[in-house]
Amino acid sequence: MSADKRAAAQRDDAAGREALENQFRTMFAERSETVRVTTAPYANLRRRIVTARRRRRMRIGSAGVAFAVAVVGVGVWATVPGGHHAAVAPTTPGVVTGVPAKVVYADGHTEVSNTLVRDAALDWLRTNYTGDLSGTTVVTTFDQQAQAAADAVPDSSAVIVDADDGAVLALGDGWNRPLPIADLMKPILLAAAFQTGKYGPDSMVPLDTAKHPLYWPPGAHQPMTYQSGDNSADWPPESPNTSIVDYDVSLRSAAQLGANGPFAQVELGSGMSPSVLRDMGVSLGLPSATENLVPVPSLVLGPVKATPLTMATVNATFADGGVWRESRMVGKLLGKNGRVLWTPQDKASRVLSQAAAAQVTDVLHSALAGGTTGVGLDYRAIAGARTWAMAAASSSQNAAWMVGADSRYVISVGMSREDENGNLLPLAQDNRYGPGIGSQFVGKTWAGLVQAVRKLG
């Protein structure tokens, strides 16, 4: 081995030892209130891990990666020096035992009496934490004032999330009920298009697909059509309340009109495809296994189903400048003596450029301030430079939405009705749908929650 390679190996080994030390200090700090790093258990365990590292050294390319596994009584932990320099989650499924003494709001002392909210927080904790909850205090992320506002919303499922850190501030009944997202797919398409750099809010695209038909797959000789009664028409179907004329419109105007054609033109346009749209949806927070989340042209019409919490998470990425954050419902876990036993890891990653995220919110601000998204509310009462939203209603009218943000607060409201078997029922019988109809169903509710979060400071 050359002198340079020996020196590099020594540096890697030193970095690995330092990372290992830091990781075990972190691990013990998170898992115990009493164990100090100088005690015999820590020293013995450290020796075992160092030995394991030496025995199981692996080399990938020119960089050595040491992999050590230790059983510490709370699960199997993996340490990868040179990688993430923080304790990682157990690599084997953990077990949560015991019952907490209290579940409180984010203020740290007011107990959560809402059973739905309490159960949601505990379910989230059991998914993300391993250990004994006996005698502990669960400090949730819920804000009592925001939760009261969500509780006051009739016949809808409201979720409020702080985009700055992913904290869930309020959950309404049905927060985890999947509904067809319809026009809520359009902001995701805008994100994908703006990310390519080939499109902007004022890019012009055809409005009338009868005059400018769409072809799929690439190279097809016949335009796409759909069946409308006994007749076929050029795809895609338009919202019944959208007037179509043969001229080009900007993407901003298309969002204001609630039109489908221009967004379909972009989906199949330069640098784009249904696969690009699907991948962006997954990056923003749609689970990859979501029903109907497949790369076909109809994806732009929003046939997939998602929960109000999922759509809040997707739009929080826009509000936070393109950074996706996992929504969380617990802020910390306190021991019997009030000391912090555990805090959740911040799971975040940049999935969209800041410029693209700003362009999306710019378009959605226009849709709210001067488009069909704002028809169901008094925009003057909530006007703000950082207030934006998109409304939606499914073609079968069994779901209505309005999702957007006021500054850092993201508000997602979904409305639906179910029969005794859990099947979604139509909200109306007039065969109308689109952003304008969604806004008429949900707009006032969403605007009321905007006014409520402005009191949070």
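Worth pointing out:
- Beyond 22 Å, the tail of the calculated P(r) for the range 367-457 holds 27 percent of the Cα pairs.
- When the charge dipole of the range 96-192 is built from unit charges on Cβ atoms (+1 for Lys and Arg, -1 for Asp and Glu) and taken about the Cα centre, the candidate among ALA192, ALA106, VAL138 whose Cα reaches farthest toward its positive end is ALA192.
- Environment charge at PRO297 (Cβ cut-off 12 Å; Lys +1, Arg +1, Asp -1, Glu -1): 0
- Taking the Cα atoms of the range 192-303, the ratio Rg/Rh between the radius of gyration and the Kirkwood radius comes to 0.95.
- Sites matching trypsin sites (Lys or Arg not before Pro) across the range 286-356 that sit in DSSP coil, with at most 12 neighbouring C-beta atoms within 10 Å: LYS336, ARG339, LYS347
- Using only alpha-carbon positions in the range 312-396, the gyration tensor eigenvalues give semi-axes of 34, 17, 13 Å once each is multiplied by 5 and square-rooted (largest first).
- The range 254-410, Rg to Rh (Cα coordinates; Rh as Kirkwood inverse mean 1/r): 1.02
- Accessible surface for PHE263 stands near 0 Å², nearest 10, in the context of the full protein assembly shown (1.4 Å probe).
- Here the mean projected area of the convex hull built on the C-alpha positions of the range 304-350 is 4.5 nm².
- A crude spin-label estimate for the pair LYS455 and ASP123, with each label 7 Å from Cα along the Cβ direction, gives 2.9 nm.
- Local electrostatic count at LEU179 - Lys and Arg +1, Asp and Glu -1, tallied over other residues with Cβ under 12 Å: +1
- For THR225, the accessible surface of its heavy atoms amounts to roughly 80 Å² (probe 1.4 Å, protein chains only, rounded to the nearest 10).
- When the alpha carbon gyration tensor of the range 96-189 is reduced to an equivalent ellipsoid, the three semi-axes, largest first, read 27, 16, 12 Å.
- Residues PHE441, PHE194, sorted by accessible area with the largest first, give PHE441, PHE194 [1.4 Å probe; ligands and nucleic acids excluded].
- R0 of 41 Å, Cβ-Cβ distance ALA381-ASP346: FRET efficiency to nearest 0.05: 0.75
The values are calculated or read from the model by the stated rules, or taken from the named source; none is laboratory data. These numbers come from a predicted model, not from an experiment. Backbone-built Cβ (ideal geometry, glycine too); neighbour counts: all protein chains shown. Quick note on the areas: whole protein, heavy atoms, side chains included, nothing else; ligands and nucleic acids left out. Shrake-Rupley method; radii C 1.70, N 1.55, O 1.52, S 1.80 Å.
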